[in-house]
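Down below is the structure, laid out as structure tokens.
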Amino acid sequence: MASGYGVFANGGYLVAPRLIERITDYRGRVLQDSPTHKPDESMRVIDARNAYVMTDLLQEVTRSGTAAKAQGTLKRNDIYGKTGTTNDSMDAWFAGFQRTIVAVAWIGYDTPRKLGDRETGGGLALPVWIEYMAQALKGVPVQTMTPPEGVMLYGSDWMYSEFGPGAGVTSLGMED
């Protein structure tokens, strides 16, 4: 899940996730370093426009949807993600990101059984994710996504420029 959401966070590039970025000893000497590598076109798995439009949709989930608590609690508008709950509330999760970090919180049992009749990803997993991100994003400036070339805002929706107003089928030739 983290790799998948990382594609959106990285503008359409598939970047291998890293659990630990750097290990230092008690004196601050670097023992292991896993530097971030700038993605190149060989790592692109979806068009930058697709990644941007999807990211905008995921931002709306954290702004006013099932995960609105994320932006409200963290006081950041650069949070994107989606809650999830399986049938019969067997599993609950929240997968989300900020430009610099992707994280997924999952709640469930190793031997599947119901979490409870009213348990959801927004109710169980989202608070765990928020707590983690509150620590992980300390000191990290808010970073808004820049729309790539080839998308346009029409009303409150982003769309590919070639499908904007007047660019598609406007009539089937049928009168009311």
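The values are calculated or read from the model by the stated rules, or taken from the named source; none is laboratory data. Being a predicted model, the structure only gives us computed values, none of them experimental. Here Cβ is always computed from backbone atoms with ideal geometry, including for glycine, and neighbour counts include all displayed protein chains. Surface accessibility is based on the protein's heavy atoms, side chains included, excluding ligands, DNA and RNA. Shrake-Rupley method; radii C 1.70, N 1.55, O 1.52, S 1.80 Å.
Among PRO148, PRO165, which is the only one that is more than 21 Å from the chain's Cα centre (by Cα) and within 22 Å of GLU60 (Cβ to Cβ)? First the steps, then the outcome.
On the way: PRO148 fails: more than 21 Å from the chain's Cα centre (by Cα).
Just a single option satisfies the conditions, and that option is PRO165.
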I'd like to verify a number: residues in the stretch 15-44 that are surrounded by 15 or more Cβ atoms within 10 Å (Cβ to Cβ) and either charged (D, E, K, R) or modelled with pLDDT of 95 or more (or both), how many? 2
Out of the residues in the stretch 85-100 that are over 12 Å from PHE8 (Cβ atoms) and in contact (Cβ under 8 Å) with a residue 40 or more places away in the chain, state the one that is least open to solvent (accessible area, probe 1.4 Å). TRP93
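Could you go through the stretch 66-73 and let me know if any residue there is loosely packed, with under 12 Cβ neighbours inside 10 Å, at pLDDT 95 or above, more than 21 Å from VAL7 (Cα to Cα) and not aliphatic (A, V, I, L, M). Outline the logic, then answer.
Kept after step one, since they are loosely packed, with under 12 Cβ neighbours inside 10 Å, are these residues of the stretch 66-73: none.
There is no residue in the stretch 66-73 that is loosely packed, with under 12 Cβ neighbours inside 10 Å, at pLDDT 95 or above, more than 21 Å from VAL7 (Cα to Cα) and not aliphatic (A, V, I, L, M).
Can you say whether GLY173 is outside any helix (DSSP H, G or I), open to solvent by less than 50 Å² (accessible area, probe 1.4 Å), more than 18 Å from PHE8 (Cα to Cα) and at pLDDT below 95, as far as the supplied structure shows?
Working: outside any helix (DSSP H, G or I): yes; open to solvent by less than 50 Å² (accessible area, probe 1.4 Å): no; more than 18 Å from PHE8 (Cα to Cα): yes; at pLDDT below 95: yes.
Judged against the criteria, GLY173 is not a match.
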Breaking point among (1) farther than 25 Å from GLY11 by Cα; (2) open to solvent by 70 Å² or more (accessible area, probe 1.4 Å); (3) of a type outside the set (Asp, Glu), for GLY108: (2)
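At positive phi and surrounded by 10 or more Cβ atoms within 10 Å (Cβ to Cβ): is that true of GLY164 in this structure? Spell out how you get there, then give the answer.
Details: at positive phi: no; surrounded by 10 or more Cβ atoms within 10 Å (Cβ to Cβ): yes.
Here the answer is no, as GLY164 does not meet what is asked.
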Per the filter on the stretch 1-35, residues hydroxyl-bearing (Ser, Thr, Tyr) and either in contact with a Lys or Arg (Cβ under 8 Å, 6 or more places away or on another chain) or closer than 30 Å to MET159 by Cβ (or both) are SER3, TYR5, TYR13, SER34
Which residue pairs have Cβ atoms closer than 6 Å, lie 6 or more positions apart in sequence or on different chains, and pair a first residue in the stretch 57-82 that is on the phi < 0 side of the Ramachandran plot with a second residue that is of a type in the set (A, V, I, L, M, F, W, C) and open to solvent by 40 Å² or more (accessible area, probe 1.4 Å)? ARG76/VAL142; ASP78/VAL142
Among the residues that make up the stretch 156-169, is at least one of them at pLDDT 95 or above and in contact with a Gly (Cβ under 9 Å, 6 or more places away or on another chain)? no
Taking the stretch 81-110 on its own, how many of its residues are of a type in the set (Val, Ile, Thr), farther than 26 Å from PRO39 by Cβ and at pLDDT 95 or above? 2
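Which residue is nearest to SER3 (Cα to Cα), if the candidates are limited to the stretch 113-137 and must be open to solvent by 100 Å² or more (accessible area, probe 1.4 Å) and more than 18 Å from the chain's Cα centre (by Cα)?
Our first condition is that a residue be open to solvent by 100 Å² or more (accessible area, probe 1.4 Å); within the stretch 113-137, this holds for 113, 117-118, 131-132, 135.
Keeping just the survivors that are more than 18 Å from the chain's Cα centre (by Cα) gives 113, 117-118.
Numbers: ARG113: 27, ASP117: 30, ARG118: 29 Å.
Filtering the stretch 113-137 for residues that are open to solvent by 100 Å² or more (accessible area, probe 1.4 Å) and more than 18 Å from the chain's Cα centre (by Cα), the one nearest to SER3 (Cα to Cα) comes out as ARG113.
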Of (1) closer than 17 Å to VAL104 by Cα; (2) without any contact (Cβ under 8 Å) to a residue 12 or more places away in the chain, SER42 satisfies every one except (1)
